[in-house]
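Single-structure report; data block below.
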């Protein structure tokens, strides 16, 4: 179990003290968040407080890192509609997106995030300087919006994004996170999906090798609404993708799928909690880990079913493929159920490539490396196939192929 | 035996039986035919007391007692047997144990002595043999991993052991080959007596070739729209339901 | 309303073992301190090393904190408000039935242990040629009152005796193995146990010996305001086989009583230990008043190659169960098994599961857990499967199924899977559901009452676990399931 340190937290608190008068708005909330952050500390340090939520991930490397500043002069827009460099919106690199405003222009925190409980959310709330606020009006199909983050140098940034889909609205949000340097990207995203609305949320995390990426996403889904999330995690040194979805209306749906492809000494933690608060909800989750080198994958997933959320249908599958002798997976799929008329199940498997399948392919003349590629792709397909937009799926598949080629090289 | 008057029933807000009148005298076999969704299976469930269905009106008298006031197990004890269209699987529950528990529950209700495991096996083996069922069927879990035909034969085995007064066969013939069909028919025919009646719910004439009914009723939209002798089934086989439906409309 | 949803507001479940036996007791004063530990050690006529072991454990315990990670909730326990030693005054080990305290005899009769077995319990050895033979160690509060078949067993070299006796008579074995699987400071309750344990069973099966009969211990808490701290140690040398059973009951009281046991199993090359438990401590009343706090550490070490340790438990009793019978699979191709049925009703809380620690090459483990929650209870499966880098080719399969009866209870599954060897294969599956309405209706259409139908379906649900129990126990366990769920179905 990880201990929580307050050592590395001091730097961030000092930064808050220095910046507090220049940060946009919400002074009281920021001060409260700073108090919470002081009390909670950074998970994984040395001071000894136990945290089940951070059992398998230590942020000690983060606590020991020095975030000196950005080198944001020479970046390209990377094709996104809305571009943020080191957490700050760059109109010069962006296009016009209807319904978009900058967080810095009208700062406000929503009710979903819990800075009192989650240390990184406290850190974000304390220091959030900018972010994307995107509102899709009732009944509007906003198509695809690409939201890009580029990190540079040794910067530390804490963007605060708000995505609101009004009744019957729909949107495909494609988030990419890339960069160059040893920076910290600590975004918090608040999402509300109103009655009958549909958000497809694709996240492509391909941060720099030395970067920290610690994302927390809160999604609240109203009656008949859908949050359909998929995260492809490729980059970063220590990363965490934490998703909290609440099905707050009848017959709401949440998908929290993903794949983590890791190598070297990468550490990636995929943590999710879906709370069925109302009856007839559906939640689906398929998360795949492909682990090479000395990498470590973590999966923590909890399905919670409240007392009166009858007829809930929850399913969760978590699988890991260990490609190298030194890779490690820690998996904790959890069910917490207080209603009786439910159908909930989860499964987890851990293993290497199936020797018999490999042999079968080779006996048919497929060279070993191709056979492996084929099987790894087949393993990932179960997750990737859940991305319904073909163009986006093609982008993700291309990234997976490129990743695999790098492993083989 | 069975006297149904003005029976109406619904599931949720949906009305399914809209006034059934049907009398099955002692010793007779009646067939219920009709298109999909006409309410045939619902009739079987309502008679045996499935709680998903709400009886909204009418009465059912079974050998003089008010059947609708009884719990499902009390109806079974009174002699109502429903052969399920899709027999239910009971994982981990041994078939012999299930059958003996059921048989003893009914014997108890009749004030008869219960059978011990050995006595039961003796009785059960006579029936499995007659139904050409392998002995290991008694050892397997109830309907788990049974083929469609095995499940239906298992229903007939239960019927043979429990010796009901009224058997309701809900499409027991569906999915059976001709040999299995004959076994089912023989199973019912073996029970035929002045104190045994049957309601045979079916789509097809072919079961009725082996199990000749006294009366045939056509059910559509929750009502019996036509009744006749065995020849009615043959007519339907030839002309389909369209003619009868049009006539009734 | 659906049939299974019609849960009664918990009819008082009929705990048939809840009576109290009036017997003259030797009781230590309340409280926990070094003097009490010295008193226990003196009463047991222990050698100095044992006392030192206890005092070391006590010192460690004082520095520890009660664990709070389990999904159980109880008011703080006042460890100073308990008696740590309680024993019947009459000398144990009478030669014939007539010499046994008649109150004790009456108690075993009331517990419904068959007459023949009762004669055994009271210390009279029946004709050893009769079958089946079960050797019994009967532990009453803090002492073993009788252990049977010791002569028969000693002929093949098997030692089966109260652990307090083993400390005196087989000090080398006890010193070598006690605390070797569950170290003194392993956890809060194991440290407490190491400091104050009073009795329990000691089993030693020599090399190559297949224990000629089932061994069993029957635990009974009787005295008021006492804690029971039993300690069991089973050693199976190379090629040895033993099957051990334990049962437990306690009187029905309004206050909670603490039971903190430690069980250690050691299996050498090719040895097999099968450990079965039917846990039926008093669960408290319908309002959640009273009942045993069952905080137990059970762990087996498969030290030898091809050794096997199999835990089977049927947990129906206790107000709170905190128990994770585990296997440390050190030997190559060693095997660990955990089969569990846990039933909770009324206000019971169970947090139980297992740990399978794979160290040895080719080690394999199987976990089958069936949780049944009814009433206002909470039932949690918590399990760890850890594959260390050395455990090449290790295998685990885990199946956890939960059944909810009524909409006021909770069922939770918390598995931890950690793999650090790619050649290992781990599979975990879990489901949660209620009894299907169509299954219930099918049974009732065939004439079964709703309660019988539920019993039949629940027993089917538990079949995979129940079949692991020795025959005599399996029948008892089935009956116990039925009794435990009485009143849970509308």
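Tabulated data for the structure shown
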| read-out | value |
| --- | --- |
| Residue check for residue C:317: touching a strand residue (DSSP E or B) at 6+ places or on another chain (Cβ under 8 Å), in a loop (DSSP other than H, G, I, E, B) and surrounded by 22 or more Cβ atoms within 10 Å (Cβ to Cβ) | yes |
| Odd one out for residue B:115 among (1) over 23 Å from residue B:84 (Cα atoms); (2) modelled with pLDDT of 90 or more; (3) surrounded by fewer than 16 Cβ atoms within 10 Å (Cβ to Cβ) | (3) |
| Unique match (being in contact with a strand residue (DSSP E or B) (Cβ under 7 Å, 6 or more places away or on another chain), within 14 Å of chain C (Cβ to nearest Cβ) and within 18 Å of residue B:86 (Cβ to Cβ)) among B:200, B:142 | B:142 |
| Filter result for residue A:254 (over 13 Å from the mean Cα position of the chain (by Cα) and under 27 Å from residue A:194 (Cα atoms)) | yes |
| Matching entry among B:99, B:17, B:47 (being surrounded by 18 or more Cβ atoms within 10 Å (Cβ to Cβ), over 21 Å from residue B:165 (Cβ atoms) and touching a residue at least 40 places away in the same chain (Cβ under 8 Å)) | B:17 |
| Residue A:391 vs. criteria more than 8 Å from every other protein chain (Cβ to nearest Cβ), assigned to a helix (DSSP H, G or I) and under 22 Å from residue A:226 (Cβ atoms) | yes |
| Test: residue in segment C:332-340 that is within 14 Å of chain A (Cβ to nearest Cβ) and either touching a strand residue (DSSP E or B) at 6+ places or on another chain (Cβ under 8 Å) or surrounded by fewer than 24 Cβ atoms within 10 Å (Cβ to Cβ) (or both) | no |
| Residue C:299 being in a loop (DSSP other than H, G, I, E, B), at pLDDT 90 or above, more than 17 Å from residue C:377 (Cβ to Cβ) and in contact with a strand residue (DSSP E or B) (Cβ under 9 Å, 6 or more places away or on another chain) | no |
| Residues that are under 27 Å from residue B:15 (Cβ atoms) and part of a helix (DSSP H, G or I), drawn from segment B:195-232 | B:232 |
| Filtered residue count, segment C:391-411, keeping only those that are in a strand (DSSP E or B) and either within 21 Å of residue C:463 (Cα to Cα) or more than 9 Å from chain A (Cβ to nearest Cβ) (or both) | 12 |
| Meets criteria (out of contact with any helix residue (DSSP H, G or I) (no Cβ under 7 Å at 6 or more places or on another chain) and within 18 Å of residue C:54 (Cα to Cα)) for residue C:186 | yes |
| Filter pass, residue B:243 being without any contact (Cβ under 8 Å) to a residue 24 or more places away in the chain, touching a helix residue (DSSP H, G or I) at 6+ places or on another chain (Cβ under 9 Å) and over 21 Å from residue B:3 (Cβ atoms) | yes |
| Breaking point among (1) within 8 Å of chain A (Cβ to nearest Cβ); (2) touching a residue at least 12 places away in the same chain (Cβ under 8 Å), for residue C:382 | (1) |
| Residues of segment B:133-151 satisfying the condition of being farther than 28 Å from residue B:118 by Cβ and in contact (Cβ under 8 Å) with a residue 12 or more places away in the chain | B:148, B:149 |
| Hey, residue C:427 within 14 Å of chain A (Cβ to nearest Cβ), on the phi < 0 side of the Ramachandran plot and surrounded by fewer than 24 Cβ atoms within 10 Å (Cβ to Cβ) or not | yes |
| Hits in segment A:111-130 (condition: closer than 23 Å to residue A:38 by Cβ and in contact with a strand residue (DSSP E or B) (Cβ under 7 Å, 6 or more places away or on another chain)) | A:112, A:113, A:118, A:119, A:120, A:121, A:124, A:128, A:129 |
| Strands (runs of 3 or more DSSP E) wholly inside segment A:295-373 that include at least 1 residues being more than 8 Å from chain C (Cβ to nearest Cβ) and either more than 30 Å from residue C:390 (Cα to Cα) or in contact with a helix residue (DSSP H, G or I) (Cβ under 6 Å, 6 or more places away or on another chain) (or both) | A:296-305, A:313-322 |
| Test: residue B:145 is more than 11 Å from the chain's Cα centre (by Cα), outside any helix (DSSP H, G or I) and either over 19 Å from residue B:28 (Cβ atoms) or at pLDDT below 85 (or both) | yes |
| Wholly enclosed helices (runs of 4 or more DSSP H) of segment C:435-490 bearing at least 1 residues more than 9 Å from every other protein chain (Cβ to nearest Cβ) and in contact with a strand residue (DSSP E or B) (Cβ under 9 Å, 6 or more places away or on another chain) | C:450-466, C:471-485 |
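Conditions (1) out of contact with any helix residue (DSSP H, G or I) (no Cβ under 6 Å at 6 or more places or on another chain); (2) free of Cβ contacts under 8 Å to residues at least 40 places away in the same chain, marked per residue:
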site	(1), (2)
B:39	yes, no
B:43	yes, no
B:51	yes, yes
B:55	no, no
B:59	yes, no
B:78	yes, no
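Matching residues to (1) under 28 Å from residue B:100 (Cβ atoms); (2) touching a residue at least 40 places away in the same chain (Cβ under 8 Å):
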{"site": "B:156", "(1), (2)": "yes, yes"}
{"site": "B:159", "(1), (2)": "yes, yes"}
{"site": "B:167", "(1), (2)": "yes, yes"}
{"site": "B:219", "(1), (2)": "no, yes"}
{"site": "B:231", "(1), (2)": "no, no"}
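The values are calculated or read from the model by the stated rules, or taken from the named source; none is laboratory data. Keep in mind that what you see is a predicted model, and the values were worked out from it rather than measured. All Cβ positions, even for glycine, are placed from backbone atoms using ideal geometry, and neighbour counts span all protein chains on display.
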